[in-house]
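Everything below concerns the one structure shown next.
The values are calculated or read from the model by the stated rules, or taken from the named source; none is laboratory data. In this text, all values refer to a predicted model and were calculated from it rather than measured experimentally. Heads up, the Cβs are rebuilt from the backbone with ideal geometry, glycines too, and the neighbour counts pull from every protein chain shown.
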Amino acid sequence: MAAPPNEVSALLADWNNGDETAREKLIPLVYDQLRRLARRQMAQERPDHSLQATALVNEAYLLLVDQREVRWQNRTHFFALASQIMRHILVDYARARHRVKRGGDRQQVCLDEAMTVSVERAAVSPITVTRDWTTAKAWLYRAMRKAPGGKL
């Protein structure tokens, strides 16, 4: 059930004036509307989204009550800011998900450090590499001579 707009605006004005009990009274009055906003925001997200509307409301609430610089004008201003905060939460959530998906959670190491980290010997000796290289060149030379029109 929606709270009367005047009551919400009056509580916001009291909260602006430093009345902490106004904030406590406000949240039960606006919670249902915040859930509707969250469901509307979540409807635009992918179907398998792991963030739920309730979690979105709770995160937005924590950010809303932490607003010290805002001078609440009325209930419309409050819900507009709440909607904007929810959108920012969803964008940040998506960015973090894509960062991890793209390997952003891995520790970056410069090439010089990576070379010094490995203490084990190379599995292939320089002699073996030279021998394999010589064999590959010989095979390539023979293959090119057998090719049609291949004169070397």
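At-a-glance table
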{"quantity": "Test: residue in the range 21-35 that is closer than 19 Å to residue 86 by Cβ and either among the acidic types (Asp, Glu) or not assigned by TED's automatic domain parsing to the domain that holds residue 63 (or both)", "calculated": "yes"}
{"quantity": "Check on residue 82, among the small types (Gly, Ala, Ser) and surrounded by 14 or more Cβ atoms within 10 Å (Cβ to Cβ)", "calculated": "yes"}
{"quantity": "Unmet criterion (only one of (1) outside the structural domain of residue 27 (by TED's automatic domain parsing); (2) at pLDDT 90 or above; (3) not acidic (Asp, Glu)) for residue 126", "calculated": "(2)"}
{"quantity": "Among residues of the range 68-87, those that are within 12 Å of residue 8 (Cβ to Cβ), in a helix (DSSP H, G or I) and of a type in the set (S, T, N, Q), counted", "calculated": "1"}
